[in-house]
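Notes for the one structure printed next.
The values are calculated or read from the model by the stated rules, or taken from the named source; none is laboratory data. Here the structure is a predicted model, which is why all the values come from computation and not from measurement. Note that each Cβ is placed from the backbone with ideal geometry, even for glycine, and that neighbours are counted across all protein chains shown. We work out accessible area using only protein heavy atoms, side chains counted, and drop any ligands, DNA or RNA first. Shrake-Rupley method; radii C 1.70, N 1.55, O 1.52, S 1.80 Å.
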Amino acid sequence: MPPKTAPALHSDHVIVGGGAGGLLLAARLGRKLGPDRVLLIDRAVTHIWKPSLHEIVAGTRDSHQDALPYPVLARRNGFRFALGDLAALDSGDHRLTLAPVLDAKGESIAPERTVTYGRLILATGAGTNLFGTDGADAHTFRIEDADDARRLNRRLTDAFLGAAFSEEQVLRISIIGAGPTGVQLAAELDAAHADVISSLAADQHFRLEISLLEMAPSILGGQPEAVTRRARQALDRLGVNLVTGAEVTRVRTGIVETADGEVPADIIIWTAGAKAAGINTSLGLKTGKLNQIVVNDRLETSATDVWALGDCAEAPGPGERPLPPRAQVAAQQARYLARILIAREAGQTAPEPFVFRERGSLVSLGREEAVGAVQTGRRGGRLFIEGMIADWLQMSLLLDHHRAILGLRRTILLALARMMQAGGVGRTRLH
């Protein structure tokens, strides 16, 4: 039986997208204004911190343990939650449309719905930019959300076990894009491989050959030279075949074609580039070349009472260049926008324009090892860190994100539970 027509929803503040920025904004507004005035909409039922997706792919992090249900987060932070995916926007009438919700068989379980709003904040994130590469859509895995990560984890599990019993006993993986995701994924896969073969009989040991292809002349674009040098050394020590200046021209079954030749691969993973959803160009808002919604220095879009933040927004940054799609950008924008909207509620003057404060960056290199550079002041000084200290700081980013939406006590309990499980079952889990 088809679902009946749903009544229209309404909220004074509607946030579409529950990623690092959208969820933080919903929590801050909800705790201040209450559930009758704040509504968060997301296409998934649970929230997972996107910077950890590469660990879910490798099986070194449990997606089910890390998933935080939006209804639970809504109850604890004072906002409402609705499951749905943005289909259309009429900013003139302050109304948006949500697409029908489908089950695993593709059948509708919830009808198309209408949501009216007083103020709308778009935080829908971004996906992968394939740059129009022939065959890339059909023959590569992407890591855009938790479902993608779980799907690739299942494929890797099959491939690991298949390689152990194959005649050649080798598994070849090509990763296209040597940004933070690509570099960290290569390191995590190496760690997962080491864990797996340690549990196999000697005659089932197989080689893992990882090729990391990067079109730019260097990896980790935009990072300090000390960070990229240390990361290169780590990748070399792990035996990763790093190829820079590699222009991928075509992808087909088992082969990555570059301008300089072919790279064989049993599994091909695309981590290069980011591009916002194509639907952004049909919402009646000004957009940029990567489908991002153009915003000013107060995160306002070209429509009244509509803001955008995070990866879906093209926000002005230093040197007239847009801000990069990073979790810390989204988090700072969410905190800023919460101040703006709460100030409006109180009839106060809005805060000053948004200015991104660089806090540094960290890259995981596997086996509890990390490298990065942290900001030491507003004048642009940076401190290079590595090893256990960098690894602790990287973990603190996730814990700080959880603290903002769960509170300190629950975050401590969650961290302790994860430490106990890691000690009992090991790092790598084959799901």
For the range 302-320, which residues satisfy the criterion of being open to solvent by less than 40 Å² (accessible area, probe 1.4 Å), within 18 Å of GLN332 (Cβ to Cβ) and out of contact with any helix residue (DSSP H, G or I) (no Cβ under 8 Å at 6 or more places or on another chain)? ALA308, GLY317
Please verify whether the range 257-269 includes one or more residues that are under 21 Å from GLY125 (Cα atoms) and within 21 Å of the chain's Cα centre (by Cα). yes
How many of the residues making up the range 109-127 are buried (at least 21 other Cβ atoms within 10 Å of the Cβ), of a type in the set (Val, Ile, Thr) and out of contact with any helix residue (DSSP H, G or I) (no Cβ under 8 Å at 6 or more places or on another chain)? 1
Flag for ALA277 being touching a residue at least 24 places away in the same chain (Cβ under 8 Å) and open to solvent by less than 10 Å² (accessible area, probe 1.4 Å): no
What are the pairs, 6+ residues apart or on separate chains, where a residue within the range 246-265 that is of a type in the set (Asp, Glu) has its Cβ under 6 Å from a residue that is open to solvent by 60 Å² or more (accessible area, probe 1.4 Å)? GLU247/MET215; GLU247/ALA259; GLU257/THR249; GLU257/ARG250
Taking the stated definitions as given, is ARG76 among the basic types (Lys, Arg) and either over 17 Å from ILE405 (Cα atoms) or touching a Pro at 6+ places or on another chain (Cβ under 9 Å) (or both)? no
Can you say whether ASP297 is outside any loop (DSSP other than H, G, I, E, B), of a type in the set (Asp, Glu), within 26 Å of ALA338 (Cα to Cα) and touching a strand residue (DSSP E or B) at 6+ places or on another chain (Cβ under 8 Å), as far as the supplied structure shows? no
Where the second residue is part of a helix (DSSP H, G or I) and open to solvent by 10 Å² or more (accessible area, probe 1.4 Å) and the first is without any contact (Cβ under 8 Å) to a residue 40 or more places away in the chain and lies in the range 36-62, which pairs have Cβ atoms under 8 Å and are six or more apart or on separate chains? VAL45/PRO71; ARG61/GLU55
I'd like to check which helices (runs of 4 or more DSSP H) are fully inside the range 51-167 and have at least 3 residues that are more than 24 Å from THR287 (Cβ to Cβ) and more than 18 Å from the chain's Cα centre (by Cα). 70-77, 146-164
Take the conditions open to solvent by less than 80 Å² (accessible area, probe 1.4 Å) and modelled with pLDDT of 70 or more and apply them to ALA390. Does it pass? no
Which of the numbered conditions does HIS94 fail, given that it passes all the others? Conditions: (1) modelled with pLDDT of 95 or more; (2) under 27 Å from ARG326 (Cα atoms); (3) in contact with a Gly (Cβ under 9 Å, 6 or more places away or on another chain). (2)
Condition check for ALA27: outside any helix (DSSP H, G or I) and out of contact with any Lys or Arg (no Cβ under 6 Å at 6 or more places or on another chain): no
Tell me, yes or no, whether the range 246-267 has at least one residue that is surrounded by 15 or more Cβ atoms within 10 Å (Cβ to Cβ), assigned to a loop (DSSP other than H, G, I, E, B) and β-branched (Val, Ile, Thr). no
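Conditions tested, residue by residue: (1) closer than 20 Å to HIS401 by Cα; (2) touching a Pro at 6+ places or on another chain (Cβ under 9 Å); (3) buried (at least 17 other Cβ atoms within 10 Å of the Cβ).
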position	(1), (2), (3)
GLY34	no, no, no
ARG43	no, no, yes
TRP49	yes, no, yes
GLU55	yes, no, yes
HIS94	no, no, yes
THR97	no, no, no
PRO100	no, yes, yes
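Here's the yes/no breakdown for (1) buried (at least 19 other Cβ atoms within 10 Å of the Cβ); (2) in contact with a strand residue (DSSP E or B) (Cβ under 9 Å, 6 or more places away or on another chain); (3) within 19 Å of ASP158 (Cα to Cα):
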{"residue": "ASP190", "(1), (2), (3)": "yes, yes, yes"}
{"residue": "HIS193", "(1), (2), (3)": "yes, yes, yes"}
{"residue": "LEU200", "(1), (2), (3)": "no, no, yes"}
{"residue": "PHE206", "(1), (2), (3)": "yes, yes, yes"}
{"residue": "ILE210", "(1), (2), (3)": "yes, yes, yes"}
{"residue": "GLY221", "(1), (2), (3)": "no, yes, no"}
{"residue": "ALA226", "(1), (2), (3)": "no, yes, no"}
{"residue": "ALA231", "(1), (2), (3)": "yes, yes, no"}
